[in-house]
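Visitor: Once you've had a glance at the structure underneath, I'll fire off some questions.
Just so it is clear, none of the values below were taken in a lab; they were calculated from the coordinates. Quick caveat, the model's predicted, so the values are computed rather than measured. Counting neighbours? That spans all protein chains shown, and the Cβs are built from the backbone with ideal geometry, glycine included.
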Amino acid sequence: MNILDKPVSVGGPAALFPDDRNGIEQLDWSNIGDAFPIKQRRAYLNNASIGALSVPVVAAVNRFMEDVRDNGRNAYPEWCRYAEETIKARIGRLIGAHRDEIAYVKNTTEGLVHVANGFPWRDGDNLILPDIEYPSNVYCWMKLAARGVTIRWVKNRNGRILADDIRKLMDDRTRLVSLSAVQFSNGFRQDLEATANLCHERGVYLNLDAIQWAGSLELDVEKLGIHFLSVGGHKWMLAPIGTGYFYCRKSVLGLLDPPSVGYHSVDSTEDHMHYLLEYRANAGRFEEALANFTGIWGLDAAVRIQLALTPARIESHILELTDYASAALQRKGYQIVSSRAPGEASGNLSFKHPGQDAQELAQRLRDAGVDLAVRGGNLRISPSYYNDSTEIDRLVEALPS
């Protein structure tokens, strides 16, 4: 029997926390594609939109649901302890953080709102924001106008956001820079080191929307000096919709006033009649109530797979695929929109045909079993670690010259 076909057993904590969770320990680069059934049906190259789910991720979700079905609340203390200690520690390993700096969120926007609404703004403050951001990293800042906070827009240079242009907008009332680590529309990869160094030099906080980075590119938040970072699990993390994590650097934990609080935000979680608003000493203070354990079990499986494959190897594989696709598409007459310069390329590759409509091409590809996205009038592919060059070949073959 294939390791991925093993039946899921039930029966309390022993089944909920097995030593080998759905054969993840036996997955490697030689068999990782077998863990994604979608490969048998489609050439799925749209992981920057909604990532495909693997057999281990779905099995982990099912395991948790079956535990509740068969045992109700009986394992609740174990759920909490496992999610707080073990899973958060693994997420921390993935991005170079400590588990106490991690909070669960349902999407990237929730983490961004923690910063926008929890930051100690003063009337007259300003923040810096690129002019090509995804709406999630725009509206929460626009709402601050009522508090006297203004946005200074960094103008993109042909889709690129440069640290020097950010510097020119800073003054003594600039409190924060918020940007996407990778731009959704064109795949531009921000120079995080240069941007973080600039922010530290000027005493400005750095907040990242990292949903287009995490799961595809290697990241070390401690080394870079990132202050805040938000990631939804449903894209490159290849985790269930409704999952994600928020990173708050330990040294700035007390800077944010949690905008939404509940009984999970405080230390006396189980003492329900002891009304003492003393926040937890870690990022868990941002988790106001019961966590989405069902989804978090799936997120854990996704994180475990990435740790097994290693973030460095994942990044290398994905960049090799986009390089391969870039060359093949250009040979067929397509124009590459995404920057392929060293340090600026990511897993998102945008391209276009000078004489063909992008939506019509996307429909033609869907009919041929190839999935991608259309962003800003361009076609965008986003292959993940389970994809391979044969799927790129299938894409190119299905496109007209």
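Visitor: Return a whole-number percent for the relative contact order of the chain, with Cα pairs under 8 Å and 6 or more residues apart as the contact set.
Guide: Over the chain, the number comes to 22 percent.
Visitor: Right, another one. Taking just the alpha-carbon atoms of region 80-306, what radius of gyration and Dmax come out, in angstrom?
Guide: Cα only, region 80-306: 17.1, 57 Å (Rg, Dmax).
Visitor: Name the residues whose placed amide hydrogens come within less than 5 Å of the amide hydrogen of PHE184, ignoring near sequence neighbours (fewer than 5 apart) on the same chain.
Guide: TYR134
Visitor: Would you list which aspartates and glutamates come within 13 Å of LYS39, measuring only between C-alpha atoms, while excluding same-chain residues fewer than 8 positions from it?
Guide: Here the aspartates and glutamates satisfying the reach criterion relative to LYS39 are ASP371, ASP388, GLU391.
Visitor: In whole angstrom, how long is each semi-axis of the equivalent ellipsoid of the chain, when you take the square root of 5 times every eigenvalue of its Cα gyration tensor and sort them from largest down?
Guide: Semi-axis lengths for the chain are 33, 31, 16 Å.
Visitor: Mind checking which of HIS114, GLY377, CYS80 is farthest towards the positive end of the chain's charge dipole, using Cβ charges of +1 (Lys, Arg) and -1 (Asp, Glu) about the Cα centre?
Guide: Of the candidates, GLY377 comes out farthest on the positive side.
Visitor: Counting pairs of Cα atoms in region 310-396, how many percent are more than 21 Å apart?
Guide: 25
Visitor: Would you mind checking LYS88/LYS235; LYS88/LYS223; LYS155/LYS332; LYS88/LYS143; LYS143/LYS223; LYS106/LYS250 for any pair whose Cα atoms are more than 27 angstrom apart?
Guide: Beyond 27 Å between Cα atoms: LYS155/LYS332; LYS88/LYS143; LYS143/LYS223.
Visitor: Then there is this: Long-range amide H contacts for VAL370: which residues qualify at under 5 Å (H placed 1.01 Å from N, peptide plane, sequence gap of 5 or more or a different chain)?
Guide: Amide H neighbours of VAL370, under 5 Å, 5+ apart: ALA43.
Visitor: Treating the beta-carbon of each Lys and Arg as +1 and of each Asp and Glu as -1, no other charges, what is the dipole magnitude of the chain about its Cα centre, to the nearest 20 debye?
Guide: My answer is approximately 1000 debye.
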